[in-house]
Ligand SMILES: Nc1ncnc2c1ncn2[C@@H]1O[C@H](COP(=O)(O)OP(=O)(O)OP(=O)(O)O)[C@@H](O)[C@H]1O
Ligand SMILES: [Mg+2]
């Protein structure tokens, strides 16, 4: 069964500019179709303002779609909102959303009651979750004194308090130190198979490591949907080769390199020390780099160093969406 | 049928959990512990001397001292209801927790009532203590014919305060600047509901307002059973009127709450301050 399913999901906003000034329509989410099978960690990536949070808010019943339809855990987000809420845990990024004057434990207990967790089960469940997010020893402290990372981990525990089959995590590792981020990623990875997770993040290595599939959303539209490896191969290669050469290269050399078989893209960047870095994305790595080096040799270009790196999801993301953001 | 029972049960649990949370949140501030005894005490003292200065030594069948004793009880009840339940959605909004709350399947109405009940529980004890102290100090004579009638009148007044805050909860969400609104309707209700002066002493037009606020019927009933020995029979008219109006207000409040939540989710302004 599909845990999350949308069809032509759309949301527009009126840009408010002030009293008496006419609003203009802004399309935040533009005919999005998603089909996320149960038990998958699914990444939703995109620039700032691309429409990720708006999508998550519609799927979690906080926003009513302008058009289209969506089902979560089999329930329609408009017609059967209460069932959707019962089956869903949500982390919205940032450090708001918890009762600052209550302790960590009281927060979780309260949310447990809001979600109708049976009375006898709330206590043990809350204690287990506090341990899971490493807040067991701070359970009796008020949330107002928590660091951002601690709040973020408490948010995750809150989203799990009623043991929902579907989780939406909107930038769950934002503002976390490296160790805490690793811990949160471990927790998310540990939820895989058992739960369906829809994850947004700007840390693309995180998406690469965690997600089974990824959709890239740009200006409200899904532009690519694939596995992380599939997305990288769509860009045309699986490796990047960085060749440092002395002096500047002319346009002709660039064209020559671009026309070699197996080369997907060529990028030139002069560096401060009088060198130029050529970045080649190549499919048939060894042969293509060989050919490139021979071509450079024939052109009397002096090669200083050659380095090879795996193509990252970030490279693919930037190639697909362009480097702009709003 | 069993679904209805289940829903009522889960709403009661949500209401109780919210009341506990609201009590904890309120008592987290030391000033609240001082404020609740001071609030009725200071109001009482200033009103008492206002009556003194006006040279009044009787109010209806009782003394100003006795009349105001029940009056301050209504005032604290009403203030805590408006600033907790009435203000609930607005507090959630400014605390940044409104999305967390509305993501849950919990009944919004149960949450609003939980807020009111939590705040009222916090105030009841200090107000009782202050009222008892004042009664002893000023030698107020109580005349209670039927303790059951006192219980009924008290519950009726509570219901009236809850119903009025419930109606406001929905209305306040619309304004998104609820404190301005709450501030300016708080005091007129003191006047119009017979808390500080008898409704009969007000101009005719204002008496009509008093009639539509269920709290004024509750004040009448509570004064009757505490000060002039009224029986259950004698207050039943006021109580019936109160229950009727309260039910209407609750139904209107429920409708408003649902409509307002829907409108905010439609406009995308739910979590806007
Ligand atoms: N409530 C709202 N009212 C008006 N415009 C909104 C509202 N919410 C979002 N938008 C607009 O919709 C667009 C998409 O915003 P959204 O928050 O979904 O982006 P995002 O992909 O989550 O970005 P980020 O990575 O920065 O969190 C933006 O242009 C934003 O200004
Ligand atoms: Mg966002």
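Computed from the coordinates by the stated procedures, all read-outs in this text should not be read as laboratory data. Every value quoted in this text rests on a predicted model; they were computed, and no experiment measured them. Cβ coordinates were reconstructed from backbone atoms using ideal geometry, including for glycine residues, and neighbour counts include every protein chain displayed.
For the reader, a short list of remarks on this structure follows.
- Part-to-part distance (alpha-carbon centres) for region A:22-69 and region A:252-303, which is given in Å: 41 Å
- Estimated distance in nm for a label pair at residue A:255 and residue B:61, the labels positioned 7 Å out from Cα along Cα-to-Cβ: 10.9 nm
- When the Cα atoms of region B:3-267 are aligned to their principal axes, the ranges along those axes come out at 57, 40, 35 Å in descending order.
- Net lengthening on full extension, residue A:7/residue A:300 (0.36 nm per residue, minus Cα-Cα): 99.8 nm
- Spatially, region B:208-251 and region B:131-175 are offset by 10 Å when compared through their Cα centroids.
- In whole percents, the pair-distance distribution calculated for the protein assembly as shown from its alpha-carbon pairs, binned every 10 Å from zero, is 3, 14, 20, 18, 15, 11, 8, 4, 3, 2, 1, 0.
- Once the C-beta distance of residue B:252 and residue A:69 is scaled by a Förster radius of 25 Å, the resulting FRET efficiency is 0.20 to the nearest 0.05.
- Across region A:107-147, the residues whose backbone nitrogen lies under 11 Å from the label position 7 Å along the beta-carbon direction of residue A:186 are A:133-134.
- DSSP bridge analysis restricted to the protein assembly as shown gives an antiparallel fraction near 70%, rounded to the nearest 5.
- Between the C-alpha center of region A:132-162 and that of region B:77-101 there is a gap of 23 Å.
- For A:299, A:186, order by how many other beta-carbon atoms lie within 10 Å, fewest first: A:186, A:299
- Residue A:27 paired with residue A:227, simple spin-label distance in nm, labels 7 Å along Cα-to-beta-carbon: 3.3 nm
- Global form of region A:7-104, assessed from the alpha-carbon gyration tensor, a/c cut-off 1.5: oblate
- Every helix of 4 or more DSSP H residues in chain A counts as -39500 (n - 2.57), and over all residues that averages to -10000 deg cm²/dmol at 222 nm.
- Cα gyration tensor, region A:236-310 - rounded (a/c under 1.5), prolate or oblate: prolate
- Whole-angstrom Cα spans of region A:60-171 along principal axes, big to small: 45, 31, 21
- The overall shape of region A:118-193 is oblate: from the C-alpha gyration tensor, with semi-axes ordered a ≥ b ≥ c, the ratio a/c is 1.5 or greater and a/b is no larger than b/c.
- Estimated at 0.36 nm per residue, the fully extended path between residue B:261 and residue B:186 surpasses their Cα-Cα distance by 24.6 nm.
- Helix-only [θ]222 nm of chain B, DSSP H runs n ≥ 4, -39500 (n - 2.57) each, per residue, nearest 500: -27000 deg cm²/dmol
- Fraction of beta bridges assigned by DSSP in region A:2-233 that are antiparallel (%, nearest 5): 55 percent
- Residues residue B:179 and residue B:38, FRET efficiency given R0 of 22 Å [Cβ-Cβ distance, rounded to 0.05]: 0.60
- Theoretical gain in end-to-end length, residue B:121 to residue B:28 [0.36 nm per residue, Cα-Cα removed]: 32.0 nm
- Here the simple spin-label model places points 7 Å from the Cα toward Cβ, and for residue A:38 and residue B:231 these points are separated by 6.6 nm.
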